[in-house]
1. Please arrange 308, 59 by counting, for each residue, the other beta carbons lying within 10 Å of its beta carbon, fewest first.
2. Calculate the length of the line joining the C-alpha centroid of segment 67-104 to that of segment 303-345, in whole Å.
3. How large are Rg and Dmax for segment 118-174 when only the alpha carbon atoms are used, in Å?
4. Just grab the label-to-label distance for residue 135 and residue 338, each label 7 Å out from Cα along the Cβ direction, in nm (one decimal).
5. Report the paramagnetic label zone for residue 241: residues of segment 280-305 whose backbone N is under 11 Å from a point 7 Å from Cα along the Cα-to-Cβ axis.
6. Between residue 301 and residue 180, 0.36 nm times their residue separation minus their Cα-Cα distance comes to what?
7. Rounded, prolate or oblate: which one fits segment 59-333, using the alpha carbon gyration tensor with axes a ≥ b ≥ c (rounded when a/c is under 1.5, else prolate when a/b beats b/c, else oblate)?
8. When N counts the residues of segment 165-207, how does its alpha-carbon radius of gyration compare numerically with 2.2 N^0.38 Å, as a ratio?
């Protein structure tokens, strides 16, 4: 039951019908006029002071979109992103040669992506399924806080990775003493500390809000516009400009230096730069619709149509998809990550048990030698990640 402008709307939440009972009163006259040619009505909350009326087929579509399709897609993205980034963490931490300055930054990126998916993905799915926020003010504040902390951490980790690539490619050995694993750990710690401090106001202004008897998780009205302008500038526009400028310098340097003496180093730098550029481009593309939508919501006009609701869900799903694509980018663009993933699966407990069963169930003379070969492939081989020069190992 929703109370809106003095009218009681009793909504039967089934897929085929939306029964509406209007209270008598002057406040309800306009709504009664609108109801004359409408067979079904859906009342959208989310803090809106407007009623949005849909025909029955539209309500059926939105019902299944919000309560079935969206949570299912979000759940798949959460599982895929968590598993993929966990594999990245495992590959980097289990291979001594993978523990390089850049890889420590990518490790931090994977951790922030997992936190973003687990906290924000689950609460977003809950928002679509539930008709009202019922999990408390503290969860509301922490959800907003973690979402923006992890997002800012991801963005400025990408800036740090891009700057490290600039030092490696353009400055070369002159900056070798700066490009160390210790400095990467310090950078990661600084990013987290600064981001956690500057986002404290986010937890302050976030709260459970009530419109009549409908509750939802939002922000103080006076804080919404300045907050989203700040968020767009410092979590998207400014980092993208900085990263773009760094890669213009990197590409210009690679184009100017084509001598045969440095051809091998140049090819290695090109491969490494492709990895980072793939991550950055994916971030820029997948987060852009989300930022555009929020800017239009606060400074423009958003359409109130079924098609827009479909795209709104899609744009939010793209932000979660961004946390899933990085492991795929590593696998398709880095030969050393490919080796790491293969060895990780080959040396898993399941595969080891499978090999043991094959060995015991076969003739000793033939499969003993085969098992020995497999065992050699599962040893920890030195890996040299494309993102680093050999002197950074």
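Values quoted throughout were computed directly from the atomic coordinates according to the rules given, and no laboratory measurement underlies them. Treat the numbers as computed from the prediction; the structure is a model and nothing was measured. Every residue, glycine as well, gets a Cβ built from its backbone with ideal geometry; the counts of neighbours run over all protein chains shown.
1. 308, 59
2. If we compute the Cα centre of each part, the gap is 10 Å.
3. In order Rg, Dmax, the Cα atoms of segment 118-174 give 18.5, 59 Å.
4. 4.0
5. none
6. Separation in residues times 0.36 nm, less the Cα-Cα distance, equals 38.7 nm.
7. Working: a/c = 2.01, a/b = 1.97, b/c = 1.02.
Judged from the Cα gyration tensor, segment 59-333 comes out prolate (a/c at least 1.5, a/b above b/c).
8. Numbers: Rg = 16.1 Å, N = 43, 2.2 N^0.38 = 9.2 Å.
Compared with the compact-globule rule of thumb, segment 165-207 sits at 1.75.
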